[in-house]
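See structure below.
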Amino acid sequence: YKNNIIRNQSNLLLREKNKELEIAKDKAEKASRARSEFLSTVSHELRTPLNAINGITHLLLEEKPKKTQMDYLSSLKFSGDYLTKFINEILEINKIESHNIEIEYTSFNVKQLLTDIQNSLKELAFVNNNNFTLEIDPAIPDYLIGDPTKLSQIILNLINNALKFTKNGDVSIIAKLETLEHPTATLYFEITDTGIGIPEDKLVSVFDSFSQGSIEVNRKYGGTGLGLTIVKKLTQILGGQIELSSVVGQGSTFSFALAFKISEEQLAIEPTPKI
Ligand code: ADP
């Protein structure tokens with residue numbers, strides 16, 4: 001009988017504890033939702049006037065201004081571009097962290113996507129005199145089902161960094177077919193550069209929000225410290241894992257593997273081998 005009373009009392013205590021935990025969890029979720037909504041509203045509100053500032057700056061730059069005006073406008077453009085990037089990245093991270101992001105599956109041509117990325121960044125490669133190459137394994141099926149927008153975002157971020165932190169060097173995108181088991185194709189992507197490299201003690205922390213290589217690197221190259229956070233999170237959402245190896249003064253390699261379904265369009269060209 002005594003044991004029963006003790007058991008009942010401890011059950012009661014346990015229930016109360018659980019209730020308290022539920023309330024605390026609920027409070028934390030509400031606070032996190034409120035924070036996320038606040039961030040999203042502020043970022044959107046900032047974006048509208050910023051678009052006007054950027055647009056007018058662009059128009060004035062086209063008016064062939066005098067040298068001093070040109071300098072002021074260039075600095076305005078630099079700040080406007082930086083803020084736009086920063087706000088967009090904050091919005092993106094907020095969306096990912098509040099689980100407001102979904103994989104949008106569609107059939108796409110991965111070789112075309114990589115070629116388009118290379119073409120869109122040719123000018124940037126030219127600025128730092130980099131040799132920018134793309135190497136695509138011909139065994140990769142043309143049509144895959146996946147999320148091309150997120151894949152582009154990951155690769156664009158990595159290539160932008162590679163081109164930014166490399167001068168007179170080599171930057172390349174390599175895509176290989178890792179495994180092909182109908183109807184799944186696993187692709188391996190590698191973005192390499194021969195740029196400044198990342199110190200060993202920073203290889204993990206560069207993926208943290210607002211984390212940058214070093215004060216000197218930050219001062220020299222600028223940046224928001226959010227790009228790699230987005231890359232890491234997006235790769236995880238797509239079911240992959242971003243890897244980094246780097247040697248200071250020699251360069252860096254970012255790599256990840258992702259699985260795709262082979263699209264019907266591809267299967268129509270290359271039917272599943274019948275045994
Ligand atoms: P940022 O906007 O500052 O480039 P990222 O999150 O993209 O932010 O990168 C974080 C830091 O990692 C950078 O500031 C830089 O120090 C380092 N980094 C990223 N990519 C490279 C690279 N390819 N080569 C050398 N350092 C890099």
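The values are calculated or read from the model by the stated rules, or taken from the named source; none is laboratory data. It should be emphasised that the depicted structure is a prediction, and the values quoted were computed from it without experimental measurement. Here the Cβ is made from the backbone with ideal geometry for all residues, glycine too, and neighbour counts use every protein chain on show.
A few comments on the model shown:
- Remark: pairs (first residue in segment 82-107, farther than 10 Å from THR224 by Cβ; second residue at pLDDT 90 or above and not in a helix (DSSP H, G or I); Cβ separation under 6 Å; 6+ apart in sequence or on different chains) = ILE103/ASP147; GLU104/ASP147; TYR105/ILE145; SER107/TYR143; SER107/ILE145.
- Of all residues in segment 235-253, those satisfying the criterion of being outside any loop (DSSP other than H, G, I, E, B), more than 10 Å from the ligand (Cβ to nearest atom), under 19 Å from ILE174 (Cα atoms) and not β-branched (Val, Ile, Thr) are GLU243, SER245.
- Selection within segment 209-226: residues that are under 17 Å from SER246 (Cα atoms) and under 19 Å from the mean Cα position of the chain (by Cα). The member of this set that is modelled with the lowest pLDDT is GLY213.
- Segment 125-156 - residue that is surrounded by fewer than 21 Cβ atoms within 10 Å (Cβ to Cβ) and within 13 Å of the ligand (Cβ to nearest atom) and, of those, farthest from GLU265 (Cα to Cα): ASN128
- Among the candidates VAL217, VAL206, residue that is surrounded by 17 or more Cβ atoms within 10 Å (Cβ to Cβ), in a helix (DSSP H, G or I) and within 7 Å of the ligand (Cβ to nearest atom): VAL206
- Positions within segment 161-183 being away from the ligand (no atom under 11 Å from the Cβ), outside any strand (DSSP E or B) and either in contact with a strand residue (DSSP E or B) (Cβ under 7 Å, 6 or more places away or on another chain) or aliphatic (A, V, I, L, M) (or both), in sequence order: HIS182, PRO183
- Near pairs, Cβ below 6 angstrom, 6+ apart or cross-chain, from segment 198-226 (within 20 Å of PHE78 (Cα to Cα)) to any residue that is outside any loop (DSSP other than H, G, I, E, B) and of a type in the set (Asp, Glu): THR224/GLU89; LEU226/GLU89
- Remark: GLY227 matches the filter, which requires a residue to be surrounded by 19 or more Cβ atoms within 10 Å (Cβ to Cβ), farther than 14 Å from ASN130 by Cβ and within 8 Å of the ligand (Cβ to nearest atom).
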